[in-house]
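Just so you know, all these numbers are worked out from the coordinates, no wet-lab data involved. This one's a predicted model, so the numbers in the text were calculated from it and none came from an experiment. Reconstructed Cβ throughout: ideal geometry from the backbone, glycine too, with neighbour counts over all protein chains shown.
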Amino acid sequence: MKKEKRCTPNKEMELLGLIRYLNKQLNLSFNARLENLGLTSQQGRIIFFIHFHTVVCDEIVKQSDLEHSFRLSKSTISGLVKRLTNNGFIEKADAHHHYAITLTEKAKLIITNFQKANEATRETLLKGFSKEKQEEMKQLLKQMIANMEESKDVA
């Protein structure tokens, strides 16, 4: 008779699995909220990024900025930019041959929807957490990100 193996769960894998699952749930939530606008969560994040950097920070956004900030390949960002351009959400203008990416009026009209979706998701995500726990969680996540960024430099 074969003996049953009992495996002790690996706590690191358990944590990584939880982080991956949370990321999946966030994407599903944003996709559902943005679906009626004809956008994916990734496209929404790009539009919001462009809005923030052009309107709030008064900066010029180029395709390379998107590649760096989203840590996506040139071809992936190129495809996203092309779809957003074809769907009338962004346009590219020659700003001294760097091709600044700006939002169209169509995109500007839906920024409020993005902000509402962000706020609703944030409220759902943090429901039941005290302000202190929220701040602690933010610091822990920042430390995890810093650890991962540092480990890339070593490899």
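Observations, loosely collected:
- Remark: spin-label model distance Val56-Arg20 equals 3.1 nm, labels positioned 7 Å along the Cα→Cβ axis.
- When the charge dipole of the chain is built from unit charges on Cβ atoms (+1 for Lys and Arg, -1 for Asp and Glu) and taken about the Cα centre, the candidate among Asn147, His51, Leu125 whose Cα reaches farthest toward its positive end is Leu125.
- The stretch between Leu28 and Gln134, if pulled fully straight at 0.36 nm per residue, gains 35.9 nm over its current Cα-Cα span.
- Measuring between alpha carbons in the structure, the pairs from Lys62/Lys108; Lys82/Lys108; Lys74/Lys116 lying more than 20 angstrom apart are Lys74/Lys116.
- Compactness ratio for region 53-95: Cα radius of gyration over 2.2 N^0.38 Å (N = residue count) comes to 1.16.
- The largest-to-smallest principal axis extents of the Cα set in region 31-77 are 29, 26, 12 Å.
- Kirkwood radius and radius of gyration were both taken over the C-alpha atoms of the chain, and their ratio Rg/Rh is 1.07.
- Taking GluC sites (Glu not before Pro) in DSSP loop conformation with at most 15 other Cβ atoms inside 10 Å as exposed sites, the chain has its longest uninterrupted site-free stretch at 60-155.
- Region 59-99: trypsin sites (Lys or Arg not before Pro) falling in loop per DSSP and having at most 12 other Cβ within 10 Å: Arg71
- Relative contact order of the chain, defined on C-alpha pairs under 8 angstrom at six or more residues apart (%): 18 percent
- Pairs of Cα atoms in region 104-155 fall into 10 Å distance bins, from 0 up to the last occupied one, in shares of 21, 27, 27, 24, 2 percent.
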